[in-house]
Amino acid sequence: MTLEDGHLPYNRLKVTERFPARAGEAALPREQPCMEGRRRFFVRIIQSVHALMGATLAFVVGGAVVAPSFTRRQSTWLTASDVGSLEEGVPKAVTLRVARADGATEVIDRRTVYLVKDGASVRALDSTCTHLGCRTRYNADSKRIECPCHGGMYDATGKVIGGPPPSPLQTLHARIEDDRVLVEV
Ligand code: FES
């Protein structure tokens, strides 16, 4: 096969040819079957790579979102105060340091709770407002627990007495042991 014969050398073969059209139609260029097969092969490889990347991403992101909800949170009892320092029915704000594992490190969260003496027992209330999560504070003059953000108000038992909070302050487990008040966090 030579150029003189009117043929192209092997490495310059044309990849298209004109198939005969039906009567009255223009002939369309068509790729040779081997090129179509090769293209399909590459398209499948690219699709497989995309699918693999998508599955990997879904696994990583999904794991990060779903895993914490399946992780059992460990609670712990912390000494919050001594009983003698509490006044009957008057909330006392106490800030607890709660250690938690965050990967390989340990993080200390500060959590403020109210301790309210109620006869022989002590009630523990989370100080986080149930509206949008602001930190509340006890107002000794009004004798109410108040939220500075939107005017939410609670009584000493944590019940909502004004403003937008939808529910009472969260009650935490508390117990008295050897004149110490322990709170579960
Ligand atoms: S966050 Fe407390 S009233 Fe809105």
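Here, each number is a calculation from the coordinates, and none is a lab measurement. For clarity, every value in this text was computed on a predicted model and none was experimentally measured. All Cβ positions, glycine included, derive from the backbone under ideal geometry; neighbour counts span all protein chains shown.
What to note about this one:
- Ranked list, fewest to most other Cβ atoms within 10 Å of each Cβ, for 57, 96: 57, 96
- The Cα-based radius of gyration of the stretch 87-172, divided by its Kirkwood radius, gives an Rg/Rh of 1.03.
- Mean separation of Cα contacts under 8 Å (6+ apart) over length of the stretch 77-184, as relative contact order %: 27 percent
- Ranked 114, 138, criterion: other C-beta atoms within 10 Å, fewest first: 138, 114
- Length released on extending from residue 100 to residue 74, taking residue separation times 0.36 nm less the Cα-Cα span: 8.5 nm
- Taking Lys and Arg as +1 and Asp and Glu as -1, the other residues whose beta-carbon sits under 9 Å from that of residue 98 total +3.
- Gyration tensor over alpha-carbon atoms, the stretch 106-154, equivalent ellipsoid semi-axes in Å: 19, 18, 8
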